[in-house]
Each structure stands twice: as C-alpha cells, then as structure tokens.
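Structure, as structure tokens:
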Number of protein chains: 4
Amino acid sequence: MIRVTVWNEYRHERHDQQVASVYPEGIHSAIAVPLAKEGLAVRTATLDEPEHGLSNDVLDNTDVLIWWGHMAHGEVKDEIVARVQQRVLDGMGLIVLHSGHYSKIFKTLMGTTCNLKWREANDHERIWVVAPGHPITEGLGEYIEIEHEEMYGEHFDIPAPETLVFVSWFSGGEIFRSGCCYGRGRGKIFYFRPGHETLPTYHHPDVQRVIANAVRWAAPTPGATRIFGNTPALEK
Amino acid sequence: MIRVTVWNEYRHERHDQQVASVYPEGIHSAIAVPLAKEGLAVRTATLDEPEHGLSNDVLDNTDVLIWWGHMAHGEVKDEIVARVQQRVLDGMGLIVLHSGHYSKIFKTLMGTTCNLKWREANDHERIWVVAPGHPITEGLGEYIEIEHEEMYGEHFDIPAPETLVFVSWFSGGEIFRSGCCYGRGRGKIFYFRPGHETLPTYHHPDVQRVIANAVRWAAPTPGATRIFGNTPALEK
Amino acid sequence: MIRVTVWNEYRHERHDQQVASVYPEGIHSAIAVPLAKEGLAVRTATLDEPEHGLSNDVLDNTDVLIWWGHMAHGEVKDEIVARVQQRVLDGMGLIVLHSGHYSKIFKTLMGTTCNLKWREANDHERIWVVAPGHPITEGLGEYIEIEHEEMYGEHFDIPAPETLVFVSWFSGGEIFRSGCCYGRGRGKIFYFRPGHETLPTYHHPDVQRVIANAVRWAAPTPGATRIFGNTPALEK
Amino acid sequence: MIRVTVWNEYRHERHDQQVASVYPEGIHSAIAVPLAKEGLAVRTATLDEPEHGLSNDVLDNTDVLIWWGHMAHGEVKDEIVARVQQRVLDGMGLIVLHSGHYSKIFKTLMGTTCNLKWREANDHERIWVVAPGHPITEGLGEYIEIEHEEMYGEHFDIPAPETLVFVSWFSGGEIFRSGCCYGRGRGKIFYFRPGHETLPTYHHPDVQRVIANAVRWAAPTPGATRIFGNTPALEK
C-alpha cells in the first residue's frame, strides 16, 4: 500500500474566513480524504508542527509527499528542505501543487527561479491533456474544466519538463504548462498547477483523480543499485 | 550563405479566388521573398513541376527545405518522399508549416498519424513563447498575435517534441503545441503551426521572423563522422 | 492480467544447427516461458503463420507485443506492419529486441534508418544502468554482465530516446545506447539490445528480468480521451 | 565577438609539481589560449582573486563562463554562486569541465548531488559521439581518443540530459555520460567530462575543439521577452 504524506502550510485557512469557508478542515484534509477513499495510506503534516511535521520517522514511512504552500515559503527551514531533497533523490515521490511552484523545495530541485505570471480574476481554466497515454491522465476526458481559478501564465521559469502532461487555457488569454514530470536521482516529481486557496478546486473530482493518479505514478520502485566513489577496475 | 528551398503544393492559389487574392504569387512566394531580404539564398519548388521540383540537383543545393501542402498530400510520390527523408537524415533542415502536419514526409519522419483537431472559424490566436532562450524565438515579444486563424487543437498525434518552443491559445477554447523541434539522423526538423491559405498569416512580420530564425537553426552543421556496418575491434 | 504476444521470425532456429542447439524450441519460446512463470498471459506468433500470427483477433487480445527478427525483415508484409503500427498508436506496448532494430515496424515508428555498427566476435558486454529509478531496472544491480555477445556500436541512427535506461560497454572498445524508451500515440515502445541468435542471452536471468519489467512498463493504461477532426468552439 | 571567461580554481598547479609540469600557466591558460586563437575574446578568473574574479563587471562582459574546480569547491562563496546562477538564468552560457561536476554552481543548477564513480588509474578513454548532427561535435570523427585519463563511471547523479552528446568508454570496464546539454532559464549549460589535472588532456586538439564548439553553442541569443508577476487579462 502506497503511503502518502500531504503537507500543507495551513495558514490561509486559519486566518482568512473566505479560505476557511472553502476548506474548513484545511487544504491538506481536502486532498487527503479522497486519497484515503482510493485505498492509499494517507497522513498529513503542516508547517507549524515540530520539524514542520516532516521528521525522519515520518519520511521513513512516506512513499509520496504532496506539497501545498504559499504565504510562508520563507518559514520552511533550510534543514528540512535539504532533508526532503535527499529523500526525493533516494526515491520518494514528490507532488508539488499550485503556489508550491515557489517553495524552497521545488526551486532547489529545479535549479531555476520557478517564477511565473499570475492574476486573481476568476478566469475560466481548461486544462488540456497533451499526453493522453500517460498514467497520470487515467480516466480523464480531453480536458479538465474549472469554472473559476487564479491564472498562471508563461513564462514559467522551469527546466523543460521531461514529460509535459497538461497545458492550461485561460479565458483571459494565456496558456500555461500545468502538468510537468521530472526525475531527480531515483525520485519522480510532478508539478500540477490548479488549486488557489479561495476556490473549491480540490473538491473537483477530476483534480482529485489527477492527484491520485500522480501518487501512483510517483511511488518509488526499488530500481537498480547505485554506487558512488572510488572503485577498482572491473575484470575483462 | 544558407540555401533555402520553399516547397508549396500551389493548388489552392490557382483554383480558389479567395486564396489567390491573399497570395497572388503563391504561398511559396510569400514565404520566399522575406527570406531573400534576410540575405538567404532562396528558391521555390512546387508539386506540379517535374519530380515536384525536388530533383537530386535541387536537393544537392538545399540546406533547409520548407514545406507547405494541404489538399494534395496524396499526390506527392513516395519516391520523392523517400528521397527527402534520406536528405533530412543526412543533415538537411526541414521546416513543416501548418497543414503540412499531414504531409507524407512529416508523417514518415514522425512515425505517428500526426492527426489533430481543427475549426475554420476565424479564431483569434495567440502563440506563446515557452522557450524564450531558444534561437527560434529571437526578436519576439512574449507572444505572436494573429487576429484570425484556423484553429488546430489537441490531441496532436506527434511524438513528444524534443524542444517545445510555442503553444497556441485560441479564442474558441483550445490550446495547441505550435512550435516543435525534432532531430532525425543528422537533420533538424521544426513544425510551425500557423498559415491557413485563406488568411494573410505569411504576411505577418513575426511569422516571417520565426521562419527566418528556424532556417538558421535548422541549417546543417558538418558535425561528426557517422559509420555503419561491420567493423573490427579497436585497439586497447 | 497483462497479455503478451512474443513474435519471432523463427527461421534461424529451423535452418541453423548452432542456433537450434541454443534455442531448441525457438527464441520465442525462450522468451515466453519465463514471462509465463511471472504470471503473465503469454502466447507466441511467428512469421510463417497466416498473417504472421498477428491477426486482428490476436492483436485484440495483446497488451504488449515483443518482436525478434533478423534475416527475413523484408518478408513481413506491409499490411501487417501498418496494422501493428496502428495498434501501438492506439496503446499497445511494443518491445523490440536486438536485430529487431532493423525491422520494418521499428523503422516505421522511429522515422529513421535505425542503422548501426556490429561485429560478431564474442565481445564481452556490460550493460550499465543509467536510469536506476526507472521501473525497467527493477531488481538489477549496477549492470548486467554478458560473457559473449555480438557487438552493436554507435552511431545508432534512432531519434534521441525519451528515456535512456541502459548503455552497453563492449570489450572491443565501443559503447551503445542499449535500452531506449519512446512514446508513439498512446503506446509505449522499448528497444533492448542484447540477444544474438547463436548465444544463450535469453537464458540470462537479468535479461529475462528486464523483459518482464519492460512488459509491465509498456502495458497500456486507458489514459485520457483523444478526439480528432472538425470541432465546434467551446463555451466561454 | 563572443566573450569567454575561463574560471579555474588554480590550486593544484601552484601546490603540486606534477600538475605544474603539465599546466605551467594553469589549466585556465591551457583552455584560454586555444580559444583566443579561434578568435574569441577570452579572459580568465581564479578562486583567489577578489570575488573569485567574478565581479559584476566581469560577468557583465561575459557571454560564456567555463568552470574548472576540484579541491576547493567549498571555498567558493555562496554569494558568488548565487550571482553566477542568476547570470545563467538570464542567458549566460556555462561550460562545466571534469571535476566541476561537484562544484556548488553545477549542483545548484542541477538540483541533484552530481555524485559519480571514479578511479585514478590511467584508463584509456574513448569518448563516443552519440549525437553526430549536434554543433558541439563539429569537426570530430566518430570518437575522441584519450590515452590516459581518470575514470568517471555511472551512476552519475544528474537530471537526464536534454541532449546527450557524448558517452565515454573506459578500458577498466565502465561507461559515462560525458557530454550533457541542459537549459536553465535562458541560459545553456554543457557538462564535458575529461580533464584530470595531472594529465595533458587540455592540450588534446579534439578536446580543445569541443570546448570551442561548446562556447559557440552556449553563447546567448537575445531570444524572446520574459515577463513575470501580476498581469491584467489580454484583449479578446
């Protein structure tokens, strides 16, 4: 059974009535509940817990980590970022959602600024599948339709995705690379765009489906042996 | 000096008054003239010439071939397709425009159906740059704006581009991977979406600029030696 | 349960005593038996059967097709090649082994000559894992060691692999991109180098393991909807 | 004219007689002189200069930065690393040589450990071209032969290269991805493996040729406009 930890900054929900009305138990809970219904082993962790809820013990029992953050990226300790990075390189899957594009962990793993354009104006968003054979698209139609969302636009300062799965269309005139797969070390990383805190995006069945698909895709496989360092010549 | 051959089916312009009014000298001419002004050595070739204008002698003197076709893909002889394919593998650049997505040469080099969605309804198109450091984007702003164009939509059945340079936004609600780079053998291939025959797209300065940039990008470099076949063991 | 069809030309084994002594039941059988032991549903098909054993009914019941051919590539009917190509684009997995690099189906899907260098001199081969987190490497060490194999060397005229999983070292001085993943349409393709007909390579446990891993990786997922053709504008 | 800055740690040469005998003017000089002969505008910079020789003024006048470091990676100030990273994202080319794989700047841009295997045993190295149409291979044969070199082996913990240009064969039995292209922001990055400090590798004409080719490939193009931040909806 795949073990998922859903990490959430969990600040907006406690300080902003509008966000609380959409996600009364927190964004982490809105993400975790449907994953648990899919039969995954799910726990949550938040910024204000000791070690941000990401102790070595928790990470020892995490196959895939989901990350939502926005207003407090700077409060995440560098030591925890380094710890999560090492886990990803060792094989843990990582799914970065929406404003997590600007988290320390995502920027560290990408090597770029991960900056982008944005507009809070309730654009209509249509998230088109461009890789319809990819396991992350399992069970979707041609696109996911989201009535109101924050716009994210290009240029999105990321390395070219190893696989581009989704591209968003926004009614205000922009497009955005919305579903991006990467490998780093033995770990798989998926960035998925939607999920503004004031909007009910994580209650959308297709968004929930993509996150569940991505968890299964990003779950580690033991893979092959990696050896580093000084080594003698081989025979023959 | 880079030597360019602009190939055009050249049928619409001779049989359809609307197309003729937009491209009185043919689409090939509309593409060739601005390239010549850029200092490139340009010739044209069309379907109804002997060997479709693509004799071995012409190809011997072609660094980059540009391809526009639509209503008569089936009339292009397989022998000429095989000849052009071999030239691309040997290093000749190939730029495939608009409805050329369905040409024999493009389908042969891609290995897929190259099918897509479409709509002739004068959509507004905005071609966003997603790779702003790429030489094909030289001199552009954030996007190219085209007031009226035929819509092409996903799914576009191509191999994942090695580099994705442009993504189009259409007012009717679709997106499309509009600028796609590939390598095949020693040759470079660029697919560029816009250019419906009834619309003045090839008179648009930014479209002309992209085609000129793509010619420079796709021009062959001698590169390294390739050797095939049976071979003895090397020393040491 | 994943349904595998192992296709083999099955000529060497019937005409060459040396090959028959290594693969008395045919190469297809040597590949199929360990897959069946892994719990996969396996059938075989060979060139000299009607429709080369690849009727529509067989392909309707095939999730992943494995292909071994060498001396009779030219006898495979174009109609069957087109049929298999369409199945791959529709989602069927394809695993191409060794000299299958020069099969019509592989060349058609790649768009290149797929030519390479070779030497039959019992080189020592060491197949290094370069993507140790990839599911195809599951359960391997750092490399697969094969005491004697035919050498294949660069340049290998293929499109750049979307994922490069293995690189071979040969005692005679060459390297080769030995494990190459591609997507075409909704289908996944894996090329795996080793398997000369006179040598017991398909009895090697690690080679069997890679083929079984590749079958699981290439098995189709329903994925998302693909729609092509003329289409009206969307709402909003 | 392309402006190149060759950065070298410049410690081995001053403290180790063996290295000094091979590179009496320093590795930076051995790299810079042949580039200047190619008509490039070359300067050098070293670790022990103020700001490691990489002041804003120097970087303002640098199109491509070449990096060689080994024993003192830890002494490079984080502030200078951040400065160089930003320059790369803004378009400056970066060529990382040999033991520079473990430099702070390369690890920062890759997001991985960049660890590898190694052996100082005067292996014979043969650097095979696997992308013979790539401009970095201009003028090479099938491979570059280096009589004695330090071995670097897989696993090399880097993101999958966007373009893999070279793969090394070592007489001791290993292979290595030796020439790796990446884009980060608007900048181009090339990692090139050979160049152990005790061996005359940078006097090898083909190694010099690759570095010169890589400089031309990595030189910035103005490209297209990038805009980030809050933005109003577009017309239409």
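Below, the figures for the structure above:
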{"quantity": "Estimated 222 nm signal from helices in chain A, with DSSP H stretches of n ≥ 4 weighted -39500 (n - 2.57), rounded to 500", "calculated": "-7000 deg cm²/dmol"}
{"quantity": "Within 10 Å of each Cβ in A:98-111, the average number of Cβ atoms from other chains", "calculated": "2"}
{"quantity": "Interface area, B with D, accessible, probe 1.4 Å, both sides summed, Å² nearest 100", "calculated": "2300"}
{"quantity": "Shielding by partners, peptide A:176-187 (average Cβ within 10 angstrom, other chains)", "calculated": "4"}
{"quantity": "Calculated label separations, B:Ser21, copies of the chain, 7 Å along the beta-carbon direction, nm", "calculated": "5.5, 8.1, 8.4"}
{"quantity": "Counted charge near C:Thr225, where neighbours are those whose Cβ lies closer than 15 Å (Asp, Glu -1; Lys, Arg +1)", "calculated": "-3"}
{"quantity": "Copy-to-copy label separations for D:Glu38, where each label sits 7 Å from Cα toward Cβ, in nm and ascending", "calculated": "2.5, 4.6, 4.9"}
{"quantity": "Note, ³J(HN,Hα) from phi for region C:90-106, Karplus 6.51, -1.76, 1.60, rounded to Hz, x at Gly and Pro", "calculated": "7, x, 5, x, 9, 10, 9, 10, 6, 5, x, 4, 9, 6, 4, 5, 5"}
{"quantity": "Region B:30-131, accessible surface, carbon-and-sulfur percent (1.4 angstrom probe)", "calculated": "47"}
{"quantity": "Fluctuation leader among D:Arg126, D:Arg226, D:Arg193 - chain D, Gaussian network, Cα springs under 10 angstrom", "calculated": "D:Arg226"}
{"quantity": "Region A:45-175 - accessible surface per residue (Å², probe 1.4 Å)", "calculated": "28"}
{"quantity": "HN-Hα J in Hz across region C:50-56 - Karplus 6.51, -1.76, 1.60, θ = phi - 60°, x for Gly and Pro", "calculated": "x, 6, 6, x, 10, 5, 4"}
{"quantity": "Relative contact order %, chain B, counting alpha carbon pairs below 8 Å whose residues are six or more apart", "calculated": "21"}
{"quantity": "Inter-copy spacing of D:Gly141 label points, which lie 7 Å from Cα along Cα→Cβ, given in nm from shortest upward", "calculated": "3.5, 5.4, 6.2"}
{"quantity": "Antiparallel content of DSSP bridges confined to chain C, in %, to 5", "calculated": "55"}
{"quantity": "Distance (nanometres) between label positions extended 7 Å along Cα→Cβ at A:Ala82 and A:Ala20", "calculated": "3.8"}
{"quantity": "By average C-beta atoms within 10 angstrom, highest first, the peptides C:104-113, A:55-64", "calculated": "C:104-113, A:55-64"}
{"quantity": "5 angstrom amide H check on B:Arg184, placed H, neighbours 5+ away", "calculated": "B:Ile189"}
{"quantity": "Local net charge near C:Tyr182, Cβ-Cβ under 11 Å (Lys/Arg +1, Asp/Glu -1)", "calculated": "+1"}
{"quantity": "Cβ neighbours within 10 Å from other chains - mean over A:212-224", "calculated": "4"}
{"quantity": "Per-q log10 I(q)/I(0), the protein assembly as shown, q = 0.05, 0.08, 0.09 Å⁻¹ (Debye; single scatterer per alpha-carbon; no solvent)", "calculated": "-0.28, -0.77, -1.00"}
{"quantity": "Rounded, prolate or oblate (a/c below 1.5 giving rounded, otherwise prolate when a/b exceeds b/c) for region B:1-159 by Cα gyration tensor", "calculated": "rounded"}
{"quantity": "Rounded to 5, the percent of DSSP beta bridges in the protein assembly as shown classed as antiparallel", "calculated": "55"}
{"quantity": "Closest Cβ on chain B to the rotation axis that carries it onto C (distance rounded to whole Å)", "calculated": "B:Gly111, 2"}
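The values are calculated or read from the model by the stated rules, or taken from the named source; none is laboratory data. Please read these numbers as outputs of a predicted model, since none were measured by experiment. When we count neighbours, we look across all protein chains shown, and the Cβ atoms used for this are built from the backbone with ideal geometry, even at glycine. Protein only, heavy atoms only, side chains kept; ligands, DNA and RNA dropped before computing areas. Shrake-Rupley method; radii C 1.70, N 1.55, O 1.52, S 1.80 Å.
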